[in-house]
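A quick write-up on the structure given underneath.
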Amino acid sequence: MKKVLCTALLGMFVFVSSQAQAQNMDRDNLRQSADKDKYGPVFIIDPSRYAPVTHFIFLETKDDQVTADYKIKVAQMIRAIGSQDGFRASMTLADIDLKRIVVYYQFETEGQYKAARANPTLMALARSLQLASARFDDYAVRPLEQSASGSPNGTPPPGYYAQFRMDDGVGINEAVVVKGRRQEELTALMRKAGTAANPNTSAGFIDFTFHEAIDGSRNMNLLHWSSVRAMAVGALGPLVQNLINGGLTGGTDGWGPTGPGYIGVHVYSIVDIQNGQRKDNFSPRLQR
């Protein structure tokens, strides 16, 4: 089982509105524009103000690898999402195995998200992409704690938030609840394994954000490095092995068919970031 898990592992973000905020919006949009011009787009996951609606879309092509046509279908759908009322931000990640793409996106309210989902143009684009995909799964999630490099016990200082930029390296650790077990058990196991697999000493490590799927089926971590190379060369092997060892292999309290869940890690590069017009007075601060 350990060998199988190793092979599988290695193979595999509150809407607030007020008069004062409205007065600050133009100023903050100018700041964001200046940041973008200087550093490129930035995607924010801020634990002090997580987006009310946060989703992961997991995509896998039916072809041997992602084609130009498949990339166009993804880009068209993401642009359509970004044009909807209430859209906050998105980042698109491409797996280094050339088979998978993940889209992490945010909306300001559940009502706006549902209206976007009912938009006929967006529905048609999503359907076209779904037909070309071996996997097309959209999960609503709750972002939970963040951990940051250089912080005591990984706990970030007050005011800290994750900032993702183009070409950063991101490991997505997706763990699925075994039938008959509970998400709470999986969450506890992932936290235990994460202690054993603490990446804070890894060169290029920036932070991670832990997520629970709202439907109770799975959990996801975003493990964030300065580049794919820094992650893959300096951390992936030891990290994956520690994730396995920290969760044991099999048994009633570890990974495996009789444990609370299965775990899989894939390595991605950020290939696109979109930011909507924010309706609060939040402006990204560059922290690295």
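The values are calculated or read from the model by the stated rules, or taken from the named source; none is laboratory data. Note that the structure is a prediction, hence the values are computed from the model and not measured. Please note: Cβ atoms are built from the backbone with ideal geometry, for glycine as well, and neighbour counts cover all protein chains shown. All accessible areas refer to the heavy atoms of the entire protein, side chains included, with ligands and DNA or RNA removed. Shrake-Rupley method; radii C 1.70, N 1.55, O 1.52, S 1.80 Å.
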Go through the range 192-244 and report how many residues are of a type in the set (S, T, Y), open to solvent by less than 20 Å² (accessible area, probe 1.4 Å) and assigned to a helix (DSSP H, G or I). 0
Residue selected from the range 54-70 under the condition polar (S, T, N, Q) and more than 16 Å from the chain's Cα centre (by Cα), by the criterion surrounded by the fewest Cβ atoms within 10 Å (Cβ to Cβ): Q65
Restricting to the range 126-140, name every residue that is under 22 Å from the mean Cα position of the chain (by Cα) and part of a helix (DSSP H, G or I). A126, L129, Q130
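Mind checking whether some residue in the range 109-122 is in contact with an Asp or Glu (Cβ under 8 Å, 6 or more places away or on another chain), open to solvent by 60 Å² or more (accessible area, probe 1.4 Å), modelled with pLDDT of 95 or more and in a helix (DSSP H, G or I)?
The answer is yes; a qualifying residue exists.
With respect to E145, is the statement that it is more than 18 Å from the chain's Cα centre (by Cα) and open to solvent by 60 Å² or more (accessible area, probe 1.4 Å) true?
Spelling it out, it is not the case that E145 is more than 18 Å from the chain's Cα centre (by Cα) and open to solvent by 60 Å² or more (accessible area, probe 1.4 Å).
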Looking only at the range 155-187, which residues are surrounded by fewer than 19 Cβ atoms within 10 Å (Cβ to Cβ) and either within 16 Å of the chain's Cα centre (by Cα) or not in a loop (DSSP other than H, G, I, E, B) (or both)? R165, M166, D167, V176, E184, E185, T187
